[in-house]
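Heads up: the structure comes next, in structure tokens.
Please treat every number below as a calculation from the coordinates, not as lab data. This structure is a prediction, so every number in the text was calculated from the model and none was measured.
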Amino acid sequence: MPVVRYLALGDSYTIGESVDESERWSLQLASMIQTSPQIASQFGGTEGGGVEVTIIARTGWTTDELWDGIQAQEVNPPYDLVSLLIGVNNQYRGLDIEEYRKSFVFLLNKSIEYVGGDADRVIVLSIPDWGVTPFAGDRDSKKIADEINQYNAVNRAETEKAGAHYIDITPISREAVNDPALIASDGLHPSAKMYAEWARLALPVALEILTK
């Protein structure tokens, strides 16, 4: 039975802290892929295949900790699709941005390796802006936004250099300043509603990858 094999790498945003498992952005994307006419047609109907999702992510992980986590789990390439969303905890801890660049490039190259060397099968998501959340109410939101922008300038440049796809979800995350429904009950992490927006942004790219 044909199956799309999807590996999602990241931190709390990929594991879906404070939402139900099915509401994680990666699993919402998988559901959208599986029910899309293009994929159903390719697999001879929705019963002819599916999307197998492997998630390696944990709340609080930096780039280095994500690599430790990958090594601790069983990775069985090649995958049809890999997504990478990492860096917010590097920013939160005030780690050096050039060290982030090095470790991000390492993880990006690993992601490309996991899809058999085809960078066109890798999707990188920008880091969302947690500075607009209630959790950050007593912090300098402009400083956080500036630092997030700097980190995203790095991961965008390196993603484009490698030939992978880049999805900018940061503007959606900043809409939470006017839409509390985009934030989960913990006052920090995205809600299922925001994750759905991320998945919808990634869907056209994922379908292009999987039907080429």
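Among beta bridges from DSSP that stay inside the chain, the antiparallel ones total about 5%.
What is the ratio of the Cα radius of gyration of region 86-212 to 2.2 N^0.38 Å, where N is its residue count, to two decimals? Write down the numbers at each step before the final one.
Details: Rg = 15.2 Å, N = 127, 2.2 N^0.38 = 13.9 Å.
Here the answer is 1.10, to two decimals.
Measuring nothing but how far apart in sequence close Cα pairs (under 8 Å, 6+ apart) lie, relative to its length, the chain scores a relative contact order of 25 percent. Between the helical axis of 192-211 and the dominant principal axis of the chain, each derived from Cα atoms, what acute angle in degrees is found, rounded to the nearest 10? Relative to the chain, helix 192-211 is tipped by roughly 40 degrees.
With contributions of -39500 (n - 2.57) from each DSSP H run of at least four residues, the per-residue ellipticity at 222 nm computed over the chain stands at -14500 deg cm²/dmol.
Could you work out the equivalent-ellipsoid semi-axes for region 21-139, taking the square root of 5 times each eigenvalue of the Cα gyration tensor, largest first, in whole Å?
Details: eigenvalues 174, 73, 29 Å².
Result for region 21-139: semi-axes of 30, 19, 12 Å.
Taking only the C-alpha atoms of the chain, the Rg (one decimal) and the largest Cα-Cα distance, Dmax (whole number), read 16.5, 54 Å.
Residues considered: Asn109, Asn149, Asn178. Largest GNM mean-square fluctuation over the chain, using C-alpha springs under 10 Å, is found at Asn178. Distance from the Cα centroid of region 92-169 to that of region 65-86 is 16 Å (rounded to whole angstrom).
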